[in-house]
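Please read the structure below before turning to the comments.
Taken together, the values in this text are just the output of simple stated rules run on the coordinates, not laboratory data. As the structure is a computational prediction, the values presented were derived from the model and not from experiment. No Cβ is skipped: glycine too gets one built from the backbone with ideal geometry, and neighbour counts run over all protein chains shown.
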Number of protein chains: 4
Amino acid sequence: MNFSVEDVNRLVAEGFPTASENGYRCEEFGEGWALARWSYRADGLRPGGYVPGPTLFGLADLALWFACFTVLGLEPMAVTSDLSIAFLRPAIGGDVLARAELLKVGRSRLYGQIDLWVDGTPDRLVAQAHGSYVPPADRNRSGSR
Amino acid sequence: MNFSVEDVNRLVAEGFPTASENGYRCEEFGEGWALARWSYRADGLRPGGYVPGPTLFGLADLALWFACFTVLGLEPMAVTSDLSIAFLRPAIGGDVLARAELLKVGRSRLYGQIDLWVDGTPDRLVAQAHGSYVPPADRNRSGSR
Amino acid sequence: MNFSVEDVNRLVAEGFPTASENGYRCEEFGEGWALARWSYRADGLRPGGYVPGPTLFGLADLALWFACFTVLGLEPMAVTSDLSIAFLRPAIGGDVLARAELLKVGRSRLYGQIDLWVDGTPDRLVAQAHGSYVPPADRNRSGSR
Amino acid sequence: MNFSVEDVNRLVAEGFPTASENGYRCEEFGEGWALARWSYRADGLRPGGYVPGPTLFGLADLALWFACFTVLGLEPMAVTSDLSIAFLRPAIGGDVLARAELLKVGRSRLYGQIDLWVDGTPDRLVAQAHGSYVPPADRNRSGSR
């Protein structure tokens, strides 16, 4: 790939400044996969100190987007078609990591799986997500978001 | 129900101040359903002016939570078990509304559907979501989030 | 539409004889929606007399396929891209009906929702499903199933 | 575990004879996972020789049920709560294997992931599924299917 982790994070900071400000970033990637991190912050937690579901969803969504970059190139206009997430355990007390892996790369759909865990306990997933991204050419054709 | 829309929004403002600050609120509810609104703001949009997927996910999640209140009472510790969302059209240029409806109320799971649209065009859904909430008693039993 | 319910059922009987033999058929359709029926049979039920989940899934899948016909024409090669189903109540003691409705018709994806109930009790859904079909042209492009 | 693969297959043959007759069986299992097989048969295929979606769904559902046995014991009344499947590539020309793995075992919900492939090509998934089973005690409590 002709881009770096820094390039990805620069794209996020410029295109989606709130994502950067909210502590999301790309950590690492390789062909067909990417690792994203959400840096812990005490504000915005749910009662009990839980990381809110939408924060985890946002992290999963970003991780899958980064994984799509590894096959499409740095393509900000690839958009999520659908994403489902199952919350398995409370996410408490630390950064959250999300590893996205593409299981199918089609011309009109990229499908992947995302595992999420609190940094330090990769064997205890806090959530798992699955979803599809649509590359821009096809998005234009289909009119989907 | 012995609580009002204002009570719901006070609970959100106290328990999840960032949700209130980010423009989410309860608009209306009745037995087994609730309507939530995200007030449009230009910052934090995706390129093209699209409302980001995680913003819509957060709105769907809140709407379903509010719908659960109508059968459980004002219960902040009911938590999402799983939620899936399909993005159908770009959400552009206005407030977004989400109407959640419970299709099954069980002791250990409340399942519902959420329709999302831009205010003014209810016939053109921008997304549809489905998911489950777990009441607190059962959450304690199961250890799920 | 230039085809009838009988045309749909003939296509099923010729292309998927086992579906017809197993009691599935199209009942009715209109632009963007279709109703499918599974005729009750005592063999193949789960203990307790429950209609098995895969039988309901198959019915949901067929209903959505029929709904796709109403916008694509009688197109046997439209294929399911993904389908999720939530089981809400036991399906016991009668025919099962499934009503599929398309919520988005794109060039590369048709997304719909399917409600399932036992004949006679439409207010008590036994399951709800959601999913996408891919038209043949796009399937060839993408290589998805 | 105090039961064998043969015990599982005997339970299937007695409780769901049509599943056995249709070529489904348990192949192997260990704590928290199970492998199920669908034996290829030419009848009942879709045009193009594709294994139909509902056949793959049924296999995924069975594999997850078998995985639940490894933590619940041989419990025929554990029932599917929800299951979603993404079809990634055509399933053509051979037996299909499904490996289910439990990612969370709660008292009221068992959540797992299922990978499906044609025997001989485990690196090319034909489908991936995810879903939840509800143990019988909780099912009675909740009234869910």
- What shape does the protein assembly as shown have by the C-alpha gyration tensor, where a ≥ b ≥ c are the square roots of the eigenvalues, rounded means a/c under 1.5, and otherwise prolate means a/b greater than b/c and oblate the rest? rounded
- Message: If I fit a long axis through the Cα atoms of helix C:53-72 and take the longest principal axis of the Cα atoms of chain C, what angle between them do I get, 0 to 90°, rounded to 10?
- Response: 30 degrees
- In the range C:56-144, what trypsin sites (Lys or Arg not before Pro) fall in a loop by DSSP, with at most 14 other Cβ atoms inside 10 Å? C:R124
- Message: With angles folded into 0 to 90 degrees, how steeply does helix B:5-15 sit against the dominant principal axis of chain B? Use alpha carbons for both and round to 10.
- Response: 90 degrees
- Message: Nothing charged except the Cβ atoms of Lys and Arg (+1) and of Asp and Glu (-1): what's the magnitude of the dipole of the range A:26-85 about its Cα centre? Round to the nearest 20 debye.
- Response: 280 debye
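Using Cα pairs under 8 angstrom and six or more residues apart, how large is the relative contact order of the range A:1-74, in percent? Write down the numbers at each step before the final one.
Values: 81 pairs, mean separation 23.5, N = 74.
Relative contact order here is 32 percent.
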- Task: One decimal, nm, shortest first: give the distances between the label point of D:F3 and those of the same position in the other copies, each label point 7 Å from Cα along Cα→Cβ.
- Result: 4.3, 4.4, 5.1
- Any chance you could check the Cα centroid distance between the range B:74-128 and the range C:70-120 for me, in angstrom? 19 Å
- Rounded to one decimal in nm, the spacing of the 7 Å Cα→Cβ label points at D:D119 and D:R41 is 1.5 nm
- Task: Return the single residue from B:A100, B:A42, B:A78 with maximal mean-square fluctuation; model: Gaussian network over chain B, springs between Cα atoms under 10 Å.
- Result: B:A42
- Note on the structure: Largest first and rounded to whole Å, the semi-axes √(5λ) derived from the alpha carbon gyration tensor of the range C:29-145 read 27, 14, 11
- Along the axis that rotates chain A into chain C, which residue of chain A has the nearest beta-carbon, and what is the gap in whole Å? A:S108, 2
- Message: Suppose a student asked you for the relative contact order of chain A, using Cα pairs under 8 Å spaced at least 6 residues apart; what percent would you report?
- Response: 23 percent
- Message: Just to be sure I understand the model, the point goes 7 Å from the Cα along the line to the Cβ. What's the resulting A:M77 to A:A137 distance in nm?
- Response: 1.3 nm
- Pick from C:G48, C:G30, C:G131: which is most flexible by mean-square fluctuation in a GNM of chain C where alpha carbon atoms under 10 Å apart are linked? C:G48
- Message: Taking C:P76 in one copy and the same position in all the others, each labelled 7 Å out along Cα→Cβ, what are the pairwise distances from the first, in nm, shortest first?
- Response: 3.7, 4.8, 5.9
- Reachable lysines from B:K104, Cα under 26 Å, same-chain residues fewer than 8 places away excluded? C:K104, D:K104
- Task: Would you work out the charge dipole size for the range D:13-116 about its Cα centre, treating the Cβ of every Lys and Arg as +1 and the Cβ of every Asp and Glu as -1, and quote it to the nearest 20 debye?
- Result: 260 debye
- Item | Where a label projected 7 Å from the Cα of B:M1 along Cα→Cβ would reach, residues of the range B:22-61 with amide N under 13 Å | B:26-37
- In terms of the charge dipole of the range B:5-142, which places +1 on Lys and Arg and -1 on Asp and Glu at the beta carbon, the residue among B:A42, B:T70, B:L110 farthest towards the positive end is B:L110
- Item | Dipole magnitude of the protein assembly as shown, debye to nearest 20 (Cβ charges: Lys/Arg +1, Asp/Glu -1, about Cα centre) | 0 debye
- Query: Where the label is 7 Å out from Cα toward Cβ, how close does B:A42 come to the same position in every other copy, in nm, shortest first?
  - Reply: 3.5, 6.7, 7.1
